[in-house]
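What follows is calculated from the coordinates using simple rules that are stated; it is not laboratory data. Because the structure is a prediction, the values reported are computed rather than measured. Reconstructed Cβ throughout: ideal geometry from the backbone, glycine too, with neighbour counts over all protein chains shown.
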Amino acid sequence: MTAERIDGKALAEKVRAEVADDVRAYGGSVCLATILVGDDPASHVYVGKKHDASHEAGIESRDHRFASETPESVILDLLAELDDDDGVDGILVQLPLPAHMDEPKVLHAVDPAKDVDGFHPLNAGLLYLGTPHLVPATPSGVMVMLAEYGVELRGKEAVVVGRSEIVGKPMAMLLLMEHATVTICHSRTADLSEHTRRADILVAAVGRPGLVTPDMVKAGATVIDIGVNRTEAGLVGDVDPAVFEVAGLMTPVPGGVGPMTIAMLLRNTLTAAQHRRSEVALPGS
Ligand code: NAP
């Protein structure tokens, strides 16, 4: 048996077209501001793609780029300005920040109503309470994929490998909201494959090429590979491609989860604009 491939590229195009339609229907201007510090080539490519995708969807964007040695206070001052700027609906700080910056401090300076990455404690807390507002784009893209491919979650065993604030934890919360029975694994998990073999839905968000091998996967499982690893052989995921022979449904790398992330960022930017302009206070703010 070979698993059906989840076509993230096609689904992302569909979501982007839907967002473009919704931006037109919304009528008002929608604006995303990005901040990039440093010269990491991958970050420059990602930010460039986010601006291209925004323009294509009818979302304006502002591009703030700084040299690596820029003091943290400059970024905090800019964030205060963007937070107060009524013409800006969404703010994204591209990670990683240079080592001299306090990443949580910078991320927490983003107005939660404009926090299109969903990393602010208020948005993380709302998700934890089961009343999400702005949710991190990568895990919310995975949920759209699972829904599109008709994957049943209620009462199913979901195993998430990885517990980062930006991927693993929000992924687990979203699966829990859909009534899956969720296990979160990490680097101290005693017997990883004992857990992964139980999974009806297995999500890998680790950053280790080929960590998940065919013997770790239940036959017919849905396998979502969030990992992006640059190797000599090119871009690879956390899941050994041989798992395609065991799984029922699986995302490829590249062309799986990655394209969905940008599409969901656009969706979050429009949501932030609609919410802010409707002048409804964020729960808990
Ligand atoms: P991260 O912050 O480094 O977290 C990695 C997680 O994996 C940690 O929780 C870590 O456990 C766990 N881990 C490490 N080694 C392990 C092992 N041998 N067995 C089990 N768990 C292990 O990374 P991240 O930001 O969550 O990103 C994860 C991957 O997703 C990366 O490859 C990243 O590039 C990719 N990513 C892709 C997208 C996309 O759009 N496709 C977006 C974001 C991230 P501890 O907590 O115990 O250290």
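Using the Cβ atoms and a cut-off under 13 Å, what net charge is assigned to the surroundings of Arg197, where Lys and Arg are +1 and Asp and Glu are -1? Result for the local shell: -3.
Kindly work out what percent of the DSSP beta bridges joining two residues of the chain are antiparallel, to the nearest 5. Here the share of antiparallel DSSP bridges comes out near 10 percent.
Between Arg62 and Leu32, Ala33, Thr34, the built amide H atoms are under 5 Å apart, and every one of these is 5 or more places off in sequence or on another chain. For the range 3-9, the Karplus equation 6.51 cos²θ - 1.76 cosθ + 1.60, evaluated at θ = phi - 60°, returns couplings of 5, 5, 8, 7, 8, x, 5 Hz by residue, with Gly and Pro reported as x. When each of the peptides 266-275, 72-81, 55-64 is scored by how many other beta carbons lie within 10 Å of its residues on average, the order from highest to lowest is 266-275, 55-64, 72-81. Helix 168-177 axis versus longest C-alpha principal axis of the chain: approximately 80°, rounded to the nearest ten. In this structure the amide hydrogen of Gly248, modeled in the peptide plane, comes within under 5 Å of the amide hydrogens of Gly220, Ala221, Thr222, Val223, none closer than 5 places in sequence on its chain. Compared with the alpha-carbon gap, the fully stretched path from Asp63 to Ala233 is longer by 58.0 nm at 0.36 nm per residue. Taking the Cα centre of the chain as reference, the dipole from Cβ charges on Lys and Arg (+1) and Asp and Glu (-1) amounts to some 720 debye. Per-residue 3J(HN,Hα) values for the range 143-155, derived from phi via the Karplus relation 6.51 cos²θ - 1.76 cosθ + 1.60 with θ = phi - 60°, read 5, 5, 4, 4, 5, 4, 8, x, 7, 6, 10, 4, x Hz in sequence order (x marks Gly and Pro).
Shape verdict for the range 33-182, please, from the Cα gyration tensor: rounded (a/c under 1.5), prolate (a/b greater than b/c) or oblate. Since a/c reaches 1.5 and a/b is larger than b/c, the shape of the range 33-182 is classed as prolate. Once the Cα-Cα distance is subtracted from the 0.36 nm per residue extended length, the Asp215 to Glu103 segment shows a gain of 36.6 nm. Here the Karplus relation 6.51 cos²θ - 1.76 cosθ + 1.60, evaluated at θ = phi - 60°, turns the backbone of the range 39-54 into coupling constants of 10, 4, x, 5, 5, 5, 5, 4, 5, x, 5, 5, 5, 4, 5, 4 Hz, with x for every Gly and Pro. Rounded, prolate or oblate: which one fits the range 120-180, using the alpha carbon gyration tensor with axes a ≥ b ≥ c (rounded when a/c is under 1.5, else prolate when a/b beats b/c, else oblate)? Prolate is the answer for the range 120-180, as a/c is 1.5 or above and a/b outweighs b/c. Straight Cα distances below 25 angstrom link Lys9 to the lysines Lys49, Lys50, Lys169, with same-chain residues fewer than 8 positions distant left out. What shape does the range 158-224 have by the C-alpha gyration tensor, where a ≥ b ≥ c are the square roots of the eigenvalues, rounded means a/c under 1.5, and otherwise prolate means a/b greater than b/c and oblate the rest? Oblate is the answer for the range 158-224, as a/c is 1.5 or above yet b/c matches or exceeds a/b.
Close amide H partners of His133, meaning residues 5 or more places away or on another chain with modelled amide H under 5 Å apart, are Leu127. Taking +1 at the Cβ of each Lys and Arg and -1 at the Cβ of each Asp and Glu, which of Gly87, Met173, Val246 sits farthest along the dipole of the chain towards its positive end, judged by Cα position relative to the Cα centre? Projecting each Cα onto the dipole axis, the largest value belongs to Val246.
Once you reduce the range 199-233 and the range 101-138 to the center of their Cα atoms, the two points are 26 Å from each other. For the residues Gly258, Gly162, Gly125, a GNM of the chain with alpha-carbon springs under 10 Å puts the largest fluctuation on Gly125. For a straight C-alpha distance cut-off of 20 angstrom, the lysines reachable from Lys218 (same-chain residues fewer than eight places away being disregarded) are Lys156. So if we plug the beta-carbon distance of Ser278 and Leu95 into 1/(1 + (r/R0)^6) with R0 = 30 Å, what FRET efficiency do we get, rounded to 0.05? E between Ser278 and Leu95, to the nearest 0.05, is 0.55. Summing charges over neighbours of Leu266, with a neighbour being any other residue whose Cβ is under 10 Å away from its Cβ, gives 0 when K and R count +1 and D and E count -1. The orientation-averaged projected area of the convex hull spanned by the Cα atoms of the chain comes to 14.8 nm². Placing +1 on the Cβ of every Lys and Arg and -1 on the Cβ of every Asp and Glu, with nothing else charged, gives the range 188-285 a dipole about its Cα centre of roughly 460 debye.
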